[in-house]
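I have placed the structure first, in the form of structure tokens, so that the comments after it can refer back to it.
The values are calculated or read from the model by the stated rules, or taken from the named source; none is laboratory data. Please read all numbers here as calculations on a predicted model, not as lab measurements. Virtual Cβ from ideal backbone geometry, glycine too; neighbours counted across all protein chains shown.
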Amino acid sequence: MHKTGRETASFFERLAPLAARALHAEVVICPAFVNIPFAVEAAKSTVIEIGAQDVFWLQEGAYTGEVSAPMLAAAGCQWVIVGHSERRQYFGETDETVFKKTCAALDAGLKPIVCVGERLEQREAGATEAVLDEQFAGGLARLTAEQFRRVVIAYEPVWAIGTGKTATPEMAAEAHRFLRGRIRGKFGEETANACRILYGGSVKPDNIQALMAQPDLDGALVGGASLEPASFTAIVNYK
């Protein structure tokens, strides 16, 4: 929940030239709902694509305050984040609602970035794999193979976001390998190898290189470091 429309336009003015050479990756910015039109306009003629931070699972109705997938697509979004840890923690998101939102996004032609990850007490209890398995089974595993091929996964160790605790690249890779194994068991080797799994635990310019050196990390879901164009493009252009 950052930036006004004017601040969003200014952000893109500074970001666009810095990200112009980022042809090795897809660059996606997901602003607040009210800033999507500003972002879409500012991203024209750039390599940057626009997504939303959340979506509702029905197309229309008496759901005051919600935004549907067709609305997002009509506004110019190509992506949407689903099941972010903050949505789960503060707003009651469940594996069931994540599944329904993912399906709604796919039906509207959006590309969902589906988030999974464990909290601190779950990590300390040694329950990381159990939590990831439950989240995968409750949502992603219920998709058809065709649907799943259009999804990107983001692993967010909630305990490593804003807590001062840090997930090492090896810890991140271990979780990614586990998830890819579950994908392999459900959808097969080819789909598992093709699926992109992003890492989203306090990604910064000073740790992106070590993270991306891990073979099972396919990209990053960047939080606070994305608020300034210089730090975000340092992550994008880490090579």
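Filter segment 110-140 for residues that are closer than 12 Å to E96 by Cα and in a helix (DSSP H, G or I) and give the result.
E134, Q135, F136, A137, G138, L140
Quick check on segment 195-203. Is at least one of its residues touching a residue at least 40 places away in the same chain (Cβ under 8 Å), surrounded by fewer than 21 Cβ atoms within 10 Å (Cβ to Cβ) and on the phi > 0 side of the Ramachandran plot?
yes
Name every residue in segment 173-219 that is more than 18 Å from the chain's Cα centre (by Cα) and acidic (D, E), in order of residue number.
Matches in segment 173-219: E174, E189, E190, D206.
Within segment 28-51, can one find any residue that is under 20 Å from the mean Cα position of the chain (by Cα), assigned to a helix (DSSP H, G or I), touching a residue at least 60 places away in the same chain (Cβ under 8 Å) and surrounded by 15 or more Cβ atoms within 10 Å (Cβ to Cβ)?
No: zero hits.
Going through segment 148-173 one residue at a time, which ones are assigned to a helix (DSSP H, G or I) and either of a type in the set (A, V, I, L, M) or buried (at least 16 other Cβ atoms within 10 Å of the Cβ) (or both)?
Matches in segment 148-173: F148, V158, W159, A160, P169, M171, A172, A173.
Please state which of the following conditions E189 fails to meet, knowing it meets all the rest: (1) crowded, with 20+ Cβ neighbours inside 10 Å; (2) at pLDDT 95 or above; (3) farther than 18 Å from E118 by Cβ.
Going through the list (1) crowded, with 20+ Cβ neighbours inside 10 Å; (2) at pLDDT 95 or above; (3) farther than 18 Å from E118 by Cβ, E189 breaks only (1).
Go through (1) surrounded by fewer than 18 Cβ atoms within 10 Å (Cβ to Cβ); (2) out of contact with any Lys or Arg (no Cβ under 9 Å at 6 or more places or on another chain); (3) under 16 Å from A160 (Cβ atoms) for G224 and report which single condition fails.
G224 satisfies every listed condition except (2).
From (1) modelled with pLDDT of 95 or more; (2) in contact with a Phe, Trp or Tyr (Cβ under 6 Å, 6 or more places away or on another chain); (3) within 12 Å of V151 (Cβ to Cβ), pick out the condition that doesn't hold for G139.
(1)
Across segment 112-131, which residue is farthest from V80 (Cα to Cα) among those that are hydrophobic (A, V, I, L, M, F, W, C) and either modelled with pLDDT of 95 or more or in contact with a His (Cβ under 9 Å, 6 or more places away or on another chain) (or both)?
First, pick out the residues of segment 112-131 that are hydrophobic (A, V, I, L, M, F, W, C): 113-116, 120, 125, 127, 130-131.
When the remaining residues are screened for being either modelled with pLDDT of 95 or more or in contact with a His (Cβ under 9 Å, 6 or more places away or on another chain) (or both), the result is 113-116, 125, 127, 130-131.
On the way: I113: 6, V114: 9, C115: 11, V116: 15, A125: 32, A127: 28, A130: 26, V131: 23 Å.
Across segment 112-131, the extreme among qualifying residues is A125.
Look through segment 71-83, keep the residues that are within 16 Å of V152 (Cα to Cα) and among the aliphatic types (A, V, I, L, M), and return whichever of them is surrounded by the most Cβ atoms within 10 Å (Cβ to Cβ).
Pass one, segment 71-83, residues within 16 Å of V152 (Cα to Cα): 77-83.
Cutting the leftovers down to among the aliphatic types (A, V, I, L, M) gives us 80-82.
On the way: V80: 28, I81: 24, V82: 30.
In this case the residue turns out to be V82.
Determine which member of the set E86, E13 is surrounded by fewer than 22 Cβ atoms within 10 Å (Cβ to Cβ) and either on the phi > 0 side of the Ramachandran plot or at pLDDT 95 or above (or both).
E13
Check E124 against each of (1) closer than 24 Å to G181 by Cβ; (2) in contact with a helix residue (DSSP H, G or I) (Cβ under 7 Å, 6 or more places away or on another chain); (3) surrounded by fewer than 20 Cβ atoms within 10 Å (Cβ to Cβ) and name the one condition it does not meet.
(2)
Filtering segment 59-70 down to residues that are touching a strand residue (DSSP E or B) at 6+ places or on another chain (Cβ under 8 Å) and surrounded by 12 or more Cβ atoms within 10 Å (Cβ to Cβ), which residue is farthest from P229 (Cα to Cα)?
Applying the first criterion (touching a strand residue (DSSP E or B) at 6+ places or on another chain (Cβ under 8 Å)) to segment 59-70 yields 59-60, 63, 66-69.
Next cut, surrounded by 12 or more Cβ atoms within 10 Å (Cβ to Cβ) only: 59, 66-69.
Values: Q59: 34, E66: 29, V67: 27, S68: 29, A69: 28 Å.
Within segment 59-70, the match that is farthest from P229 (Cα to Cα) is Q59.
Out of all the residues in segment 94-121, which are surrounded by 18 or more Cβ atoms within 10 Å (Cβ to Cβ), free of Cβ contacts under 8 Å to residues at least 60 places away in the same chain and among the β-branched types (V, I, T)?
Of everything in segment 94-121, those that are surrounded by 18 or more Cβ atoms within 10 Å (Cβ to Cβ), free of Cβ contacts under 8 Å to residues at least 60 places away in the same chain and among the β-branched types (V, I, T) turn out to be T97, V98, T102, V114.
So which of A145, A172, A154 ends up being touching a residue at least 60 places away in the same chain (Cβ under 8 Å) and under 23 Å from K111 (Cβ atoms)?
Just one listed residue meets the conditions, A154.
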